[in-house]
1. Among the residues of the stretch A:224-245, write down those that are more than 21 Å from the chain's Cα centre (by Cα) and open to solvent by 60 Å² or more (accessible area, probe 1.4 Å).
2. Kindly indicate the residue of the stretch A:154-173 that is touching a residue at least 12 places away in the same chain (Cβ under 8 Å) and among the polar types (S, T, N, Q) and also most open to solvent (accessible area, probe 1.4 Å) among those meeting that condition.
3. Under the condition of being open to solvent by 40 Å² or more (accessible area, probe 1.4 Å) and within 21 Å of B:Ala58 (Cβ to Cβ), which residue from the stretch B:182-200 is nearest to the other protein chains (Cβ to nearest Cβ)?
4. If I filter the stretch B:85-98 for residues that are closer than 30 Å to A:Thr73 by Cα and of a type in the set (A, V, I, L, M), do I get at least one hit?
5. Determine if the stretch A:73-92 includes at least one residue that is away from chain B (no Cβ under 14 Å) and not polar (S, T, N, Q).
6. Tally time: how many residues in the stretch B:213-227 are surrounded by fewer than 20 Cβ atoms within 10 Å (Cβ to Cβ) and of a type in the set (A, V, I, L, M, F, W, C)?
7. Quick check on my filter: what residues within the stretch A:50-99 are crowded, with 17+ Cβ neighbours inside 10 Å and among the hydroxyl-bearing types (Ser, Thr, Tyr)?
8. Under 7 Å by Cβ, and 6 or more places apart or on different chains, what pairs join a residue from the stretch B:168-187 that is within 30 Å of B:Phe158 (Cα to Cα) with one that is of a type in the set (Ser, Thr, Tyr) and surrounded by 22 or more Cβ atoms within 10 Å (Cβ to Cβ)?
Amino acid sequence: MIRVKALSKEFGTVDNGNAAVLALSDIDFEVRDNEFVTVIGPSGCGKTTLLRIIAGLIPYQQGEVSIDSRPVTGPGPERAVVFQNFALMPWADVLGNVTFGLEVRGVAKGESEGRARELIKVVGLEGFERRLPKELSGGMQQRVGLARALAVNPQILLMDEPFGALDEQTRRLLQEQLLQLWERERKTVVFITHSMEEAVMLGDRVMLMTPRPGKVKEMIDVPLNRPRSRDVEKSPAFIEIKEYLWENLRAMQAAQP
Amino acid sequence: MKKTTFRDWASRLAVFAAAVSLWELFLSHSQNFLLPTFSHTAIALFNLVFQEPRFWEALYISNQALLVGYAASVVIGIPMGLLAGRVHNMDRILNPYLGVLLVMPVAPLIPVVIIALGLGLASRVFIVMLFAIVFITINTRAGVRGVEPALIEMAQSFGASEAQIWRRIIVPGALPAIFAGLRIGLGRAITGMVMVELLLVASGLGRLLLEFSGRMQSDFVFATLLAVIIEALVLLSIMQALERKVASWAPDISVG
């Protein structure tokens, strides 16, 4: 379980002399085991900062962030991150990229390759093991990113607008594949997005954030049955939550200069 | 990086033939007897290589300075660039000195170096280093700086140690720029080698060049320069082959 309590994060206090910017203020929430939580908010609400703090990539000054009651002090083997811009090594082929996390963690070469091939198959990239990232489409590149994260068999998957850089068709396809994947292997997922459809389609709960400073405005339950397919988009509950999100986000955007 | 095809070679040969024909044509119609034609230069090169034992001796002497000086520039220059690229305090210290080395004209320093180190190999090696090292260092530094921060963060997210980040992300990511520095550095090292021999330490190929020009044997002057160029091209192509092996993923930016 991920527990975030009274978390605040300031930027720019150390040595550049500028006034500190409060990126996150008094954040409180929990993500239960095997739960899929999507996080949505206007730009500047600190959602990516929040994810990076949970990932252990940046420090925080106040509050508590813990995973199964162990405080987060850095990255850990139970977490893996999927990045918005894929973050693939351009010099390594698909196999090399997917084995990265395993090799860093000292898994023997034969074993890590076997595991990587399995995951490459799971994300539907069989036959592309020896291709370089630049030879792949954006959607395929992010599937490599997903396979790399899943390869280390994390308990928690942290996804930072993973489909944000993709075109609409690819994005919808990958959402469906992610849903199928998650049905098979229920990880705990924190998924940042700025798409309302995506937030409702994927999440068990949607966390709505407000900007400047970033705060949690509301946790919204998504009462849609699983396994979900595209059809849920037509259900009244889906439409209602989506509309509700839009009302809020619209008000936040309008309030900005 | 694309492989050089047969067509490339055919085009290159065509350019070469055109240039040589122009050279030959222009000089056979001019009254300037001091400039050698291409055919005279070619004959001189043949004589130099096959009938002039002093040429090989000179080549050997010059290459001592070149290879030792260049190797030292690589061994010192790359780690310095790596550190400057990643360790900010190190960069703050090194930055002004790299700037000085970059803009400083080296030729006027040659006499100073010779006063300090004497007329031997040490001076020549040092001067080759003065010519070459800064280009290797600043390119390496730029290469490290150019590595995507997202990749470093990705590595950290999997719990990679600083050593693993160096080995798996920074060095491979910086390799194309490092190779660019190695190529520029090699060109500069060759310049340094010839310059010191021409200016003050009459040895090696520089001495040969001085002798030939003193005797107005311009065809042999050209031939000697040609020999230097051919050696440089051979060294560059070895480097390119190496680059193709270890950094083939990068867009092709190499010259030579």
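1. If the condition is that a residue be more than 21 Å from the chain's Cα centre (by Cα) and open to solvent by 60 Å² or more (accessible area, probe 1.4 Å), then A:Asn225, A:Asp231, A:Lys234, A:Pro236, A:Ile239, A:Glu240, A:Glu243, A:Tyr244 are the ones that fit.
2. A:Gln155
3. Taking the stretch B:182-200 and keeping what is open to solvent by 40 Å² or more (accessible area, probe 1.4 Å), we get B:184, B:188, B:191, B:195, B:198-200.
Going one step further and asking which of them are within 21 Å of B:Ala58 (Cβ to Cβ), we end up with B:188, B:191, B:195, B:198-200.
On the way: B:Arg188: 27, B:Thr191: 32, B:Met195: 37, B:Leu198: 42, B:Leu199: 43, B:Leu200: 45 Å.
Once the filter is applied, the top-ranked residue is B:Arg188.
4. First, pick out the residues of the stretch B:85-98 that are closer than 30 Å to A:Thr73 by Cα: B:85-92.
Then drop every residue that is not of a type in the set (A, V, I, L, M), which leaves B:87, B:90.
So far as the stretch B:85-98 goes, yes, one or more of its residues are closer than 30 Å to A:Thr73 by Cα and of a type in the set (A, V, I, L, M).
5. Filtering the stretch A:73-92 down to residues away from chain B (no Cβ under 14 Å) leaves none.
No, that holds for no residue.
6. Looking only at the stretch B:213-227, we keep the residues that are surrounded by fewer than 20 Cβ atoms within 10 Å (Cβ to Cβ), and these are B:213-218, B:225-227.
In the following step, the residues that additionally are of a type in the set (A, V, I, L, M, F, W, C) were identified as B:216, B:225-227.
Of the residues in that region, 4 qualify.
7. Taking the stretch A:50-99 and keeping what is crowded, with 17+ Cβ neighbours inside 10 Å, we get A:50-57, A:60, A:63, A:65, A:67, A:72, A:75-76, A:79-89, A:91-99.
Answer for the stretch A:50-99, where residues must be crowded, with 17+ Cβ neighbours inside 10 Å and among the hydroxyl-bearing types (Ser, Thr, Tyr): A:Tyr60, A:Thr99.
8. Pairs found: B:Ala174/B:Thr140; B:Ala177/B:Thr140; B:Ile178/B:Thr140.
The values are calculated or read from the model by the stated rules, or taken from the named source; none is laboratory data. Quick caveat: nothing in here was measured; it's all calculated off a predicted structure. In this analysis, Cβ positions are derived from the backbone assuming ideal geometry, glycine residues included, and neighbour counts consider all displayed protein chains. Please note that ligands, DNA and RNA were not included when accessible areas were found on the heavy atoms of the full protein model with its side chains. Shrake-Rupley method; radii C 1.70, N 1.55, O 1.52, S 1.80 Å.
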